[in-house]
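Only one structure is covered here, and it is reproduced in the block below.
The values are calculated or read from the model by the stated rules, or taken from the named source; none is laboratory data. Just so you know, these numbers come straight off a predicted model, no measurement behind them. Virtual Cβ from ideal backbone geometry, glycine too; neighbours counted across all protein chains shown. Quick note on the areas: whole protein, heavy atoms, side chains included, nothing else; ligands and nucleic acids left out. Shrake-Rupley method; radii C 1.70, N 1.55, O 1.52, S 1.80 Å.
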Amino acid sequence: MRVVLSGGGTGGHYFPALAVGRELQRRGHRVFFVGSKGRIEERLNDFPAEERVYLPVAAFSGKGLKGLVAPFTVSAAALKLLKLFKRWRPDRVVVFGGYASMPAGLAAVLSGTPLFLQEQNSVPGRSLRLLSRFAGKAFLGFPDARKSLRCSCVFSGNPVREEVVEAAESKGKMGTRFLKRVGLSPELPTLLIVGGSQGALWLNETALKALPLIRGKFQVIHVTGPGKGRDRAEKLYRERGIPAFVTEFYGKVWELYAAADAAVSRAGALALAELSLFGIPTLLVPFPFATDDHQFKNGAFYAERGAAILRRQEELPPEEFARIVTGLLFDRIERERLRKNFLSLSRPEATELIVGELELNGEN
């Protein structure tokens, strides 16, 4: 089977596509990838595909001149893909969201190639909402997403890279090795603070104000994001006597999950899928400007089921932040409740389920 995959712009769109691409290749299928220029997929340039193409496209919708130009750039990109499809002869096209999804989806429709969607968030983006009119099936990270889509839907969960799944299965050993390697103690409770691949300035600032208020010995793994105060954070942790490993970005994020006893995170769909595999008691603080408030709705799915604590930024002065994190680190009953509920909502089989669905009636 020949499959074209398209997704990117952010890690939340790219890494699920990467997980599916790897599984397709493992099963002997031929994979082709479509991404966008200048985004994470081109910077990494590591998608396991026979051919990779990066299109000069931006968001499908926008204000002012961008909004006027977008349909023309999307159309031009779709026409370019149609020419490639004649050579690739795909049996399936799967789009995961991101700038390149609309031209890839249009090329599938115009060429008569069966189209599939993978929507990570609780609220689908505009491109996938439009493409759902022509799709055979959508694979969902959250069941509520089906309300906005006009095709058959399967609640599959979000595909997660095999490194993350394997790390969750051997959490203790990997976590201990990581802590020793970065000079932290395997004996101390460990708090992970991470705001996604780009970090979160608000989380950084609030944590630095709140953590000195916590009574009890603990240590911190803090991913600040590029250019968002790593040196300052490192200095303040040192001055306040809190052992910490501070980094702007860490590629092997599964090692951080393996070492964490509790976490503070944004509520991106991929982060939630990964955190749930480890059952890490987590305070979720959604990005307040996410489109359609989708991060809050992502987090609510877990919070309503007793699997995480969800708070908006305005609900978290330093004192309240410190109170919640203290419970996540030291309240054994609360920690166990959150851990069990979070694990029960994990979907480690998501990648295999999606690839299995794509194989139905496929051509080898």
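Table for the structure above
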{"quantity": "Farthest toward positive dipole pole in the chain [+1 Lys/Arg, -1 Asp/Glu at C-beta], among 213, 341, 264", "calculated": "264"}
{"quantity": "Residue 169-residue 187 pseudo-label distance in nm [points 7 Å out on the Cα-to-Cβ vector]", "calculated": "3.2 nm"}
{"quantity": "Charge dipole of the chain about the Cα centre (unit charges at C-beta), most positive-ward option of 222, 201, 113", "calculated": "113"}
{"quantity": "Computed Kirkwood radius, in angstrom, where 1/r is averaged over Cα pairs of segment 164-273", "calculated": "14.0 Å"}
{"quantity": "For segment 91-105, 3J(HN,Hα) per residue [Karplus equation, 6.51 cos²θ - 1.76 cosθ + 1.60, θ = phi - 60°, Hz, x = Gly/Pro]", "calculated": "8, 8, 10, 10, 10, 10, x, x, 4, 7, 5, 5, x, 5, x"}
{"quantity": "Label point distance in nm, residue 37-residue 202, each placed 7 Å from Cα along Cα→Cβ", "calculated": "3.4 nm"}
{"quantity": "Per residue, in Å², the accessible surface of the chain once ligands and nucleic acids are set aside, probe 1.4 Å", "calculated": "44 Å²"}
{"quantity": "Highest to lowest packing among 123-130, 337-344, scored as the average C-beta count within 10 Å", "calculated": "123-130, 337-344"}
{"quantity": "Residue-averaged 222 nm ellipticity for the chain, from DSSP H runs of 4+ at -39500 (n - 2.57), nearest 500", "calculated": "-13500 deg cm²/dmol"}
{"quantity": "Net lengthening on full extension, residue 150/residue 292 (0.36 nm per residue, minus Cα-Cα)", "calculated": "49.3 nm"}
{"quantity": "Residue-span extension gain [residue 76 to residue 134] - 0.36 nm each, minus C-alpha spacing", "calculated": "18.9 nm"}
{"quantity": "The chain: equivalent-ellipsoid semi-axes (sqrt of 5 x gyration tensor eigenvalues, Cα, Å)", "calculated": "37, 21, 19"}
{"quantity": "Cα pair distances exceeding 17 angstrom across segment 89-158, given as percent", "calculated": "31 percent"}
{"quantity": "Folded to 0 to 90 degrees: helix 269-278 orientation relative to the chain principal axis, Cα", "calculated": "50 degrees"}
{"quantity": "Binned Cα-Cα distances of segment 204-360, short to long, each 5 Å bin given as a whole percent", "calculated": "2, 9, 17, 20, 22, 16, 8, 4, 2, 1, 0, 0"}
{"quantity": "Ordering of 144-153, 299-308, 267-276 by packing [mean C-beta count within 10 Å, highest first]", "calculated": "267-276, 299-308, 144-153"}
